[in-house]
Amino acid sequence: MVVVATKLVSRSALWGGILFAFGVVQFVVAMAVVQTQYAGYSLLTNYISDLGNTATSPWHVVFNLSLITLGVTAFLGILLGWSGFPRGGPRVVGLVLLLFASVSAVVVGSFPENVNPAIHDTFSLLIFLPGGLGLAVVSFGMKQGTHWFGYRAFSLLLGLVTLASLAYYAPTQVTNTTFDPGLFERLIVAPFLIWGFVAGIHLTRLPRFSPTTRPTAV
């Protein structure tokens, strides 16, 4: 038996990975830049969405456009990268949940927290919950023998971090008792960004190192 390098995924998966990684990087950079222009902004006590508040954030346009871009690139990245994920039910369910979260990100960026709080808050939740569930579900398809097996525990852990943080964050938001809301919101969101970047890079590598085994005459 020998290992033979073969191209197992369509070229679209490569572009999907590029879009994934690009979307995450541009959003992280945009957040960092906008924070520098927001006097007194705290990573512990300020919400991420405060950066898009049209009344208090000087560079709110940059943040909101960046969030919309993240949603669009994630949506397209998932569709183009679909064939790069292991086949089966977890791929379908998990990626559909992530598609839903991507669309919700576009809505959140289009309706800043001070413009339409009801829509903004509702669709923020529709990023957090489907996103966390999506990461957890898609991990179950990363079985041994697939090129994602090494990312199985990683994906599941990130999904669980999001869901556990959300389980604390959501009820305390209702009672206005959240301890360091900015910190816990970041614990919800950071797993998406980390996973999106890592998964994006992995998708771009699949055509070059996706191996399969087959018998050969010696």
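Restricting region 182-218 to residues that are part of a helix (DSSP H, G or I), of a type outside the set (D, E, K, R) and over 20 Å from the mean Cα position of the chain (by Cα) leaves a set whose member that is modelled with the highest pLDDT is 207. In region 13-33, the residues that are farther than 20 Å from residue 190 by Cβ and touching a residue at least 24 places away in the same chain (Cβ under 8 Å) form no Cβ pair under 9 Å with any partner that is not in a helix (DSSP H, G or I) and not aromatic (Phe, Trp, Tyr), whether six or more places apart or across chains.
Which residue, of 100, 85, 128, 123, is within 16 Å of the chain's Cα centre (by Cα) and closer than 22 Å to residue 42 by Cα?
Values: 100 fails: closer than 22 Å to residue 42 by Cα; 85 fails: closer than 22 Å to residue 42 by Cα; 123 fails: closer than 22 Å to residue 42 by Cα.
The conditions single out 128.
Checking 109, 88 one by one, the residue that is in contact with a Gly (Cβ under 8 Å, 6 or more places away or on another chain) and surrounded by fewer than 18 Cβ atoms within 10 Å (Cβ to Cβ) is 88 and no other.
Just one residue in the set 49, 42 is more than 22 Å from the chain's Cα centre (by Cα), small (Gly, Ala, Ser) and either buried (at least 19 other Cβ atoms within 10 Å of the Cβ) or modelled with pLDDT of 95 or more (or both); that residue is 42. Within region 157-172, take every residue that is crowded, with 17+ Cβ neighbours inside 10 Å and among the polar types (S, T, N, Q) and give me the one that is farthest from residue 133 (Cα to Cα). Filtering region 157-172 for residues that are crowded, with 17+ Cβ neighbours inside 10 Å and among the polar types (S, T, N, Q), the one farthest from residue 133 (Cα to Cα) comes out as 165.
When region 142-156 is limited to residues that are among the hydrophobic types (A, V, I, L, M, F, W, C) and surrounded by fewer than 17 Cβ atoms within 10 Å (Cβ to Cβ), the one that is nearest to residue 200 (Cα to Cα) turns out to be 149. Based on this model, can you work out whether residue 45 counts as more than 30 Å from residue 86 (Cβ to Cβ), outside any helix (DSSP H, G or I) and either in contact with a Lys or Arg (Cβ under 8 Å, 6 or more places away or on another chain) or in contact (Cβ under 8 Å) with a residue 60 or more places away in the chain (or both)? Yes; evaluated as a whole, the condition is true for this residue.
The values are calculated or read from the model by the stated rules, or taken from the named source; none is laboratory data. Because the structure is predicted, anything quoted here is derived from the model rather than measured. Glycine gets a Cβ as well: all are built from the backbone with ideal geometry, and neighbour counts include every protein chain shown.
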